[in-house]
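Structure, as structure tokens:
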Amino acid sequence: MSSLLVLAIVIAIGVVAFFIGRQRAAAHDNGAVKPHSRAHYHGWWAFLLAVLPAVLLLAVWTIGSSFYLDRHIRAALPERTADSKVASEALDVSLVKSLAKGLRKLDADTALPATFAELQPPLAAKGVALASDTQDYMIPIAVEANAVQSRLGLFGAVITLALSIAGAFYALRQIAPRARARNNVEKLMLWGLLAASTIAILTTVGIVLSMLFQTITFFESVSPMGFFFGTVWDPRFAAAGSGGSQGQFGLIPLLAGTLYIALVALVVAVPVGLMSAVYMAEYASPRVRSVVKPALELLAGIPTIVYGIFAVVTLGPFLRDLSAALTGGSPFIQGQSIFTAGLVMGIMLIPVVSSLSDDIITAVPRAMRDGSLGLGATRSETIKRVILPAALPGIVGAILLTASRAIGETMIVVLAAGVAANLTVNPFEAMTTITVKIVNQLTGDLEFNSPQTLVAFALGLTLFVLTLVMNIVALYIVRKYREQYE
Amino acid sequence: MTDISMDTMARAVAHPRRDIGLKGRYAAERRFRIYGAVAISVGLAFLAIMLITIVSKGYTAFWQTTVTLPINFDEKVIDPSNKRATDPSVLIKANYPKLAENALVAKLGINPDDKPMIQKLKGFLSEGARVQLRNIVAADPSVIGTTRNVDILAAANLDSAFKGQIDLSVEEARRKVSDQQIAWMDKLKADGAMAEHFNTGLFTYGASSRPETSGMGVAIIGSFYMMVIVLLLALPIGVAASIYLEEFAKKNRLTDLIEVNINNLAAVPSIVFGLLGLAVFINFLGMPRSAAFVGGLVLTLMTLPTIIIATRAALAAVPPSIRSAALGLGASKMQMVFHHILPLAAPGILTGTIIGLARALGETAPLLLIGMVAFVADYPKTPFDPATALPVQIYMWANEAERAFVERMSGAIIILLVFLMAMNITAIVLRRRFERRW
Amino acid sequence: MNIMTEQSLENAVGEKMSAKSNEVIKMRGDKVGVFYGEKQALFDVNLDVRLNQVTALIGPSGCGKSTFLRCLNRMNDTIDSARVTGKITLDEEDIYDKSIDVVELRARVGMVFQKPNPFPKSIYENVAYGPRIHGLAKRKADMDQVVESSLKKAAIWNEVKDRLQEPGTGLSGGQQQRLCIARAIAVSPEVILMDEPCSALDPIATARVEELIDELRQNYTIVIVTHSMQQAARVSQRTAMFHLGYLVEEGATDKMFTNPDDQRTQDYITGRFG
């Protein structure tokens, strides 16, 4: 019996239990004793007891039996030798599994041929295409695996359904006027809510663990020193006499490129964003504000790929041609350059800076503003000497958050910054970033367990830690700042 | 005016005035104000420039040139040995482009024996004609032997030429359209046989190596699947988590940890979520690569913090008096939340969700890592089939060299932006409309 | 007590006489203490609430009277840091006992708050909400009946009967407060707690609500917190005076206002502090 069918039956049992429970509870309500919970809560409680434990059991059983089946197949496979026809044991197992899956589609009474070659036509007739390196010896194993699987499935289905019915009976027997069905249902709901809120923790744990494991594997073939302090990024080919056979994975040029581009972006975004925020908070008329604020929000809603394409299709060529025209010959700004990428990223960050600083500037209490204006200071003097200094910690936090956005930004740099891992100080040349290399290393047709792919996770972990530290510091500063004025 | 005020005025004049540098200070004030106005204008100007360049490059993508030809479904070309009754594969393998070529030769009045001339027709019509004509025959084999008018796509270069995007002053050898083809094009145009139509293919075709037959169909379906998955997962989970944190959680270590986590996840670079998806969903759990389902899961995790933060703000904005009113009547805390607080917070939750969805719709980087950069020609039937997404499709077209792909890419950006603007404007309007001051 | 007229005093005294015949203790506080975190807000309060009487809790602000009131239907449970010691009984049953369900308790001991807080729903829905969650009216007709009688008991029926589907938040302050009282009555509680129910109302609305409280006494036991001594004198049969978290004095209202035992009560009702 398939898990889906079992699930459907369990839910059906639950629905029946719901109606019986509600019915019974309503029948109990004869006015003699004031019932504790309304009838439908009894119904829900019966439903939950019928469904939840059974579904959990089913899930555990399904996962467990798939592991068991794997072990079973592995044990049945012939001993691996040097002349095994299949490349790895994992491949062996997966071939058997897909063969078994194909066999299930055949009619039960079809006599099975002994060789794969004879098996292929009837399978193909059922629309099953199998890998050509499926071996003859796998056929009996697959048949056996199917038998084991159906036994496991049947047993699982029986105990799941039994548990479901038992749960329903237990809940239905509990029904009494004073039974606290509502409290039971609500307690379960509360557990559900708690579970939902722990997903955030699970996500973080997932991020850290998944990247950590791959990174550790990566460091088995490349030394951490060579990664963190290496100045050469050349993952494909070995440099003569150094870096071993897989190439060199020096973080420094990527990190430098990342920080350089982020710096250019901040130089563009911070003054413009901050001044817009000041203008919006202190000078703009309500009418201007009601137009400009949504416009800036829309600007923030444009996906970064659009900025990236703007950089590579329009701005990059324009700057290159402009620089060529200025020198009257060869362009000094390359089509993909730190400057172009940083400039466009800066534009993208303007609304980010302005909305973060707007919040912070408006948090400065009115009294402070009035105090300065009351002394006869002009508005700009008040802003420059009173409001901005008071808001400074908050603004620093906002800039840190923006910087973390700039460092983690991917699509703009993938399109506009270039892929060559240079170390240069000239902003008009191309440099590459951590995020670009993560994308590069993982979008090719590389084998998953090679250092060339694993390095992406080491880069990802570096990026995660870098932004994590910045975020936490920034969030801490901003929170302290807000508390000060609350 | 009374005497007293005259008196004070007189005294004010008498009082010696200090020079407090007012002139300079007001000049500084004006300058400062101008800086602010300039900053805002710069921001808005960038927005305008970006939108204008994209629209001006992309609006032509919504039209596509077709050539209307009377196609003679000649049995001699399709099934010369008359075997289709016994061997249906004949109809699939037949030389359909020849039919189109014959029709074009006849239409242009070229001598059918003038081989060099016919050779020059190469690249006039789209290769898509093969599939188009094959489908007509497959749908209705009785069409064989008859003649029927069919709109056939012009090849991308002719399409560009027709739209006037090819500079004819460049010498012939260096451009992709020959003078002869231009002459034929003008002839067909004069006949009314060649014309621009609204480009439905842009919305329906899948991936293709030829610009004129490539479209965003697969990407639209992929993005749609992902948005549905994000909505179905992130909204309930996000709301449930927010309710727990805002209404039930006691102040303790676990709650603090969850809060720090959520705030931090909201600021984690999106590409990191792609790495998570690759390592956990695809490698560890063995889910299929390139599938919209995995993309949806990754985007769900990415969107959750946004939704949680917005929902918590919306819940916190519901005044405590409503809570005590419900509790005072003997509602349980759960009933209080689900009967009163949640409905009142709904507009805020909705706004946050729409903004989160809009961000997820425009997100590219994590999808690159889970293999959604794929050449997918067929519609994904389920979320588990290979698919692409709108922004990824844009990225893939950006990497193509041909001019016609840039046009399609810009068209795709326009469509993506229209979707996003619509969502963001809805959110802004919703917020204004339902903003409740308690 | 120069503000109080002889007339109203006499009224209060008259009512006291008639009420004396059946003095059953409905709720009893026994050494009730409340802590907010480390800080103790209420100390060893022993106070009885008598059936079908109005008990007024008075005292200067921050004296613990509202805190005590909120113990009577365990509204303090909603504050994480709050902790209650001692014992409170309702019909001789400990309401802080594990066997008592707090939701059920609040259905028996209803509450009306300082600021009128109607739900942003229709007038009808405001009143129907309580009966609906407690399953008190099975059919639509029953529900209509409950809503109508509750609104009538709250003396607001005539003002709203033609606009039951309009939002409750659109009513005037006094009407809103009577709607909240109707909403509380609709659950058929045994005790109604009122936390300064008139403090947000104008004098005319206050008079209507006070009249209402007096009428409600026939069927319900009422505990009211007020900072207005005249109000306490007008509506209550018994008064308890709180000061700095302690119950200073408790007794029949007429005695409290004419001849208090405690100096602090004397000072408070003559307006020396508060």
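The values are calculated or read from the model by the stated rules, or taken from the named source; none is laboratory data. This structure is a prediction, so every number in the text was calculated from the model and none was measured. All Cβ positions, glycine included, derive from the backbone under ideal geometry; neighbour counts span all protein chains shown.
For this structure, a couple of remarks:
- Considered as a group, the residues in segment A:21-32 that are surrounded by fewer than 20 Cβ atoms within 10 Å (Cβ to Cβ) and among the hydrophobic types (A, V, I, L, M, F, W, C) include one that is modelled with the lowest pLDDT, and that residue is A:Ala32.
- A:Gln174 being farther than 19 Å from A:Pro53 by Cα and among the polar types (S, T, N, Q): no
- Residues in segment A:338-397 that are modelled with pLDDT under 85, of a type in the set (A, V, I, L, M, F, W, C) and either touching an Asp or Glu at 6+ places or on another chain (Cβ under 8 Å) or part of a helix (DSSP H, G or I) (or both): A:Ala367, A:Met368, A:Leu373.
- Lone unmet requirement of (1) within 11 Å of chain B (Cβ to nearest Cβ); (2) surrounded by fewer than 18 Cβ atoms within 10 Å (Cβ to Cβ); (3) aromatic (Phe, Trp, Tyr); (4) closer than 26 Å to A:Phe339 by Cα for A:Tyr476: (4)
- The set of residues in segment B:276-299 that are outside any helix (DSSP H, G or I) and either crowded, with 24+ Cβ neighbours inside 10 Å or not charged (D, E, K, R) (or both) comprises B:Leu285, B:Gly286, B:Met287, B:Pro288, B:Ser290, B:Ala291.
- Test: residue in segment C:85-93 that is assigned to a helix (DSSP H, G or I), crowded, with 22+ Cβ neighbours inside 10 Å and of a type in the set (A, V, I, L, M, F, W, C): no
- Single condition C:Met143 does not satisfy, out of (1) within 14 Å of chain B (Cβ to nearest Cβ); (2) assigned to a helix (DSSP H, G or I); (3) within 30 Å of A:Arg178 (Cα to Cα): (1)
- Listed by first and then second residue, the pairs linking a residue in segment A:264-278 that is at the interface with chain B (Cβ under 8 Å from one of its Cβ atoms) to a residue that is surrounded by fewer than 24 Cβ atoms within 10 Å (Cβ to Cβ) and of a type in the set (Ser, Thr, Tyr), with Cβ atoms under 6 Å apart and 6 or more places separating them unless they lie on different chains, are A:Met275/B:Tyr35.
- Test: B:Leu369 is touching a Pro at 6+ places or on another chain (Cβ under 9 Å) and touching a residue at least 60 places away in the same chain (Cβ under 8 Å): no
- Matching residues, segment A:353-381, being in contact with a Ser or Thr (Cβ under 8 Å, 6 or more places away or on another chain) and within 11 Å of chain B (Cβ to nearest Cβ): A:Val353, A:Ser354, A:Glu381
- Segments classed as strands (runs of 3 or more DSSP E), wholly inside segment C:195-274, with at least 1 members that are under 13 Å from the mean Cα position of the chain (by Cα) and of a type in the set (Val, Ile, Thr): C:221-225, C:238-243
- Looking across A:Gly308, A:Gly301, one residue alone is within 9 Å of another protein chain (Cβ to nearest Cβ) and crowded, with 24+ Cβ neighbours inside 10 Å. It is A:Gly308.
- Within segment B:300-337, if we keep just the residues that are facing another protein chain (nearest Cβ under 9 Å) and not in a helix (DSSP H, G or I), the residue that is surrounded by the most Cβ atoms within 10 Å (Cβ to Cβ) turns out to be B:Leu329.
- The requirement of being of a type outside the set (S, T, N, Q), touching a helix residue (DSSP H, G or I) at 6+ places or on another chain (Cβ under 6 Å) and farther than 25 Å from C:Glu249 by Cβ is fulfilled somewhere in segment C:78-101, by at least one residue.
- Complete set of residues in segment B:387-403 that are among the small types (Gly, Ala, Ser) and at the interface with chain A (Cβ under 10 Å from one of its Cβ atoms): B:Ala398
- Within segment C:176-188, being of a type outside the set (A, V, I, L, M, F, W, C) and either at pLDDT 90 or above or surrounded by 24 or more Cβ atoms within 10 Å (Cβ to Cβ) (or both) holds for C:Gln176, C:Gln177, C:Arg178, C:Arg183.
- Flag: B:Val406 does not match the condition of being part of a loop (DSSP other than H, G, I, E, B), farther than 26 Å from B:Ile308 by Cα and facing another protein chain (nearest Cβ under 10 Å).
- Search result, residues across segment A:226-264 that are at pLDDT below 85 and aliphatic (A, V, I, L, M): A:Val232, A:Ala238, A:Ala239, A:Ala240
- Among the residues of segment C:120-146, those that are out of contact with any Pro (no Cβ under 8 Å at 6 or more places or on another chain), of a type in the set (A, V, I, L, M, F, W, C) and at pLDDT 90 or above comprise C:Val127, C:Ala128, C:Ala141.
- The residues listed here are C:Ile156, C:Ile58, C:Ile123, C:Ile133; of these, the one that is surrounded by fewer than 23 Cβ atoms within 10 Å (Cβ to Cβ) and either touching a Lys or Arg at 6+ places or on another chain (Cβ under 6 Å) or not polar (S, T, N, Q) (or both) is C:Ile133.
- Restricting B:Gly348, B:Gly411, B:Gly356 to those that are touching a helix residue (DSSP H, G or I) at 6+ places or on another chain (Cβ under 6 Å), more than 10 Å from chain A (Cβ to nearest Cβ), closer than 30 Å to C:Val103 by Cβ and buried (at least 17 other Cβ atoms within 10 Å of the Cβ) reduces the list to B:Gly348.
- Of all the residues in segment B:30-73, those that are part of a helix (DSSP H, G or I) and either in contact with a strand residue (DSSP E or B) (Cβ under 6 Å, 6 or more places away or on another chain) or of a type in the set (Val, Ile, Thr) (or both) number 10.
- Residue within segment B:249-266 that is more than 7 Å from every other protein chain (Cβ to nearest Cβ) and farther than 21 Å from A:Val208 by Cβ present: yes
- Segment A:190-224, subset polar (S, T, N, Q) and in contact (Cβ under 8 Å) with a residue 12 or more places away in the chain, residue nearest to the other protein chains (Cβ to nearest Cβ): A:Ser210
- B:Tyr244 passes every criterion in (1) buried (at least 21 other Cβ atoms within 10 Å of the Cβ); (2) in contact (Cβ under 8 Å) with a residue 40 or more places away in the chain; (3) within 12 Å of chain A (Cβ to nearest Cβ); (4) not β-branched (Val, Ile, Thr) apart from (2).
Matching residues to (1) under 15 Å from A:Ile207 (Cβ atoms); (2) in the same structural domain as B:Thr351 (by TED's automatic domain parsing); (3) modelled with pLDDT under 95:
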| position | (1), (2), (3) |
| --- | --- |
| B:Pro211 | no, no, yes |
| B:Ile221 | no, yes, yes |
| B:Leu245 | no, yes, yes |
| B:Phe248 | no, yes, yes |
| B:Leu254 | no, yes, yes |
| B:Leu275 | yes, yes, yes |
| B:Ala279 | yes, yes, yes |
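- Just one of (1) more than 13 Å from chain A (Cβ to nearest Cβ); (2) under 26 Å from B:Gly274 (Cα atoms) fails for B:Met372. It is (1).
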